[in-house]
1. Fewest Cβ neighbours within 10 Å first, please rank Cys309, Cys138 accordingly.
2. For the modelled label position 7 Å from the Cα of Glu94 along Cα-to-Cβ, which residues of the range 56-70 have backbone nitrogen atoms closer than 11 Å?
3. Pick the calculated Cα extents along the principal axes in Å for this structure from (i) 81, 42, 34; (ii) 65, 47, 46; (iii) 71, 51, 36?
4. Among Ser152, Ala166, Leu199, which residue has its Cα positioned farthest towards the positive end of the charge dipole of the range 143-207, with +1 placed on the Cβ of Lys and Arg, -1 on the Cβ of Asp and Glu, and the dipole taken about the Cα centre?
5. Please list 70-79, 6-15, 298-307 highest first by mean number of surrounding beta-carbon atoms within 10 Å per residue.
6. As a check on your grasp of the helix formula, calculate [θ] at 222 nm for the chain: sum -39500 (n - 2.57) over DSSP H runs of n ≥ 4, divide by the residue count, round to the nearest 500.
7. Work out, step by step, the length gained on full extension between Gln239 and Leu196: first 0.36 nm times the residue separation, then minus their alpha carbon distance; give nm to one decimal.
8. Which FRET efficiency, nearest 0.05, do Arg33 and Ala127 yield, Cβ-Cβ r, R0 22 Å?
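Derivation of every value follows stated rules applied to the coordinates shown; laboratory data play no part. Bear in mind that the values here come from a model prediction, so they are computed numbers and not experimental data. Backbone-built Cβ (ideal geometry, glycine too); neighbour counts: all protein chains shown.
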Amino acid sequence: MPKFTVQQFEDALKQEKFFPAYLFFGAELHIARHGLHVMKEKLGISNMHDDLSYSAYSGVEASVEKVMGALKTFPFLGGKNLIVIRDAHKLSKEMQAHLVDYLQKPFEHSLLVLIAEKLDGRSKLFAALQKQSAVIECKALYANQVPSWIASQVRQQKRQISHEAARYLADLVGTDLSQIDQALERLFLFVGKRPLIELSDVEMAIAETSQRSVFELTNNIGEKKLSKSLSVLTTLLHQGEAPVMILGMVARHFRLLTKAKEVEGRMRQSADLARYLGVHPFFAKDYLAQAQHYSLEELKQAFHAFAWCDRELKTTRLTKDKPLEKLIISLCHKRPSVN
């Protein structure tokens, strides 16, 4: 069976071209959740726990009796059953063996979906899935794929977004799918019942609010501007932004700085660097310039500071701004450290 992009997978579903099994594998599990949502919508399966056409198991709890029983059961009102196994890389050897046998002669009334961050490419199950299933690799999107992803997410909500608006939102948010979801949720609230999201909506609802402030914070930290960084942090906290979200965005920024530092002097074209980092070419030069403020060792040391801050935010009884302030001070110093 072929490998599919997310768009090809959706197009096949629209044409009611079903496969006996589907494998979503890779680290970007947000894509798997999106694909599962699209399948359930196409099959008319509700999110209710008592929907008789839907069964879901984790790889650890998936027993032969449960899974094979669900696959054999005929749909209550016709159509197809959907049987989902998450964390499929944790399936027992016995369960894997039964699935290999099942894939040789699958039931037409059931669709099997396996979701895994990784699978042993040498296993019989992986070989069987490659032959008998549609394989969708869940890897991070490239920057040029983000606008179409945004458009597809908007269509799921029975709305439309202009090309300019989708492109600008992609430039603002980047390739982080969870951040895209948060931005879209804010946009839906902003436009209300209006069916079309336009560029002006993104400018007003996203660019001029905390999303822009978060980028301002990360850029100031990357440029080691301590006073401005602390000022923007205060603004974000007063706006009600979650400290853990702020930490996550700063950590994401430093992951990109680290990647830029690793190819410093070897990747001179903005387009190549942008593709490597997963950002728009307009922002690529900023990451490269900011990376020059740090040595590779300092960037790696920063992640110890992030781990410390994460623990403090989750356990401290002090106000949540203190760990973040201490983190920012350490990042703007010559050698990031919170000790």
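1. Going from least to most buried by this count: Cys138, Cys309.
2. Output list for this probe position: 63-66.
3. For Cα extents along the principal axes in Å, the calculated option is (ii).
4. Result: Ser152, furthest along the dipole toward the positive end.
5. Descending packing order for the listed peptides: 298-307, 6-15, 70-79.
6. -17500 deg cm²/dmol
7. Extra length available between Gln239 and Leu196 comes to 12.7 nm.
8. 0.25
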